Structures are given as C-alpha cells and as structure tokens.
Amino acid sequence: MIENLKRFREPLAWLAIALTLLGIGLTAWRLVTGLREGTVTEAFQDVGGGWLNAPLTLVVVVIVLSCSLVTPALRRALVLTRIAAAVLGAGVLLTLASVLMGMWASFGATVLLDLLGGLLDAAFKALLAATLWIFLRGVKAGRIETAPRTVPMPQLPVETVEPGEATAEPQSTTWTRDAAAGSVWWTADAAAAGEPGKDRMPEVAEPAEAERPRTGD
C-alpha cells in the first residue's frame, strides 16, 4: 500500500492543488455575487475564510513535501512545491483581506469575536503556506537536502578474516608436506612431476673420481 501511495504522489498532488484552486474560484464567484446584492463589507464578511479549506490545505502541504522528502524523490517535486506555495499564499492573502474588510460589517461586541476568529483561521493557513516557502528557501540555500531520485541498492556483506584466524593452506597437486618429509629426488623435474621420492640419494661416484686414472696398471 505504501509503495502504491509513493507511485501516485504526483497525481494526488496535482489533484489537491486543483481542488484548492477550484475552491478559490468558487469563493471569488460568491464575492462577485455578494457585491451585486449588498455592500462591499457585507460581501467580504460573507465569504470570510472560505478562500482556503483548512483540511485540504494541510493535505496539499503533506503530499507536496512527500514528493521531495520521501525516496525516491519526484523529478518535478520542486515545481509542485512552488506552485502549491503560490496558490496557498494567494489564498492566505485573500483570507486576510476578507477578514479585515468584513470586520466593518459587524457591530458591537461581535466585531472583536469575528476579527479574532478570522485572524486565527488566517494564521493557521499562513503557517501551512509558510512551511512550503521555508522548505524552498532551505533547499535553495543548501540547508535542506531532498531525497535521492533513485532507490539505493542494498550493499552485499563483505566477508572479512579475523586477525589470527587460521587460513587453509593450498593443496598441492603433486605431493603434500607430510608425504614429502624425509624424501629426496634426484632432480627438481622429478619432484614437480609427482614421482615418488627416495629415502636417500643414489650412490654415484663423483665424476672426478671416475675419470681419475688408476695407478699401478
């Protein structure tokens, strides 16, 4: 399920941004309709904080940030972040303007209550939008690192030999050390060929003695 969510992050991000823009457009239509039917202050008071939906704004921030911070990062992650930050920033400015303009349509003690509630709503949405702007600034300055665009391959374990661990001696194809103990060969070629060794050297007269002339003949 998590892998499926990673795969559909970009379509979900575009969908959430599109729904936010749709909400801003519908609120703008309500404002235009209210201006035709009543005063300016009443029209702004009517729309109030309807420019941005708080739960949808939170969803936009979470999905957009996951495109950059969750491995693998999307190729257009920063583009999505800039667009989302611009849309949310515009919504926050419109919300703040509606709260301040709608304040003049209230009377008595309700002015303070409406102003306080509207400012708290605008502050929460401004905090969400500021999260994206701070993230973009941190990435540009190098203080925030995004996730790699590819999934790192797992490293295979490397076998190490502990100090003092006995290593196997290579096996000879001709003779072994134990079998060769006490044996002699006449030539090195015979030993390399695997011929059986002798227990002592063959008795052969020295060349000097063999060629020495005999005396008394």
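FYI, it's all coordinate maths here, none of it is from the lab. Since the structure is predicted, the reported quantities are computational estimates derived from the model, not experimental observations. Cβ sites come from the backbone with ideal geometry, for glycine too, and all protein chains shown count toward neighbours.
Give me the net charge of Val99's neighbourhood, meaning all other residues with Cβ under 9 Å from the Cβ of Val99; Lys, Arg count +1, Asp, Glu -1.
On the way: positive: none; negative: Asp114, Asp121.
So the surrounding residues net to -2.
In terms of the Cα gyration tensor, with a ≥ b ≥ c the square roots of its eigenvalues, is the range 62-146 rounded because a/c is under 1.5, prolate because a/b exceeds b/c, or oblate?
On the way: a/c = 3.66, a/b = 3.35, b/c = 1.09.
In terms of gyration-tensor shape, prolate.
Once you have the Cα-Cα distance between Phe124 and Leu15, take 0.36 nm times their residue separation minus that, and quote the gain in nm to one decimal. Let's see the in-between values first.
Working: separation 109, 0.36 × 109 = 39.24 nm, distance 2.20 nm.
37.0 nm is the gain from fully extending Phe124 to Leu15.
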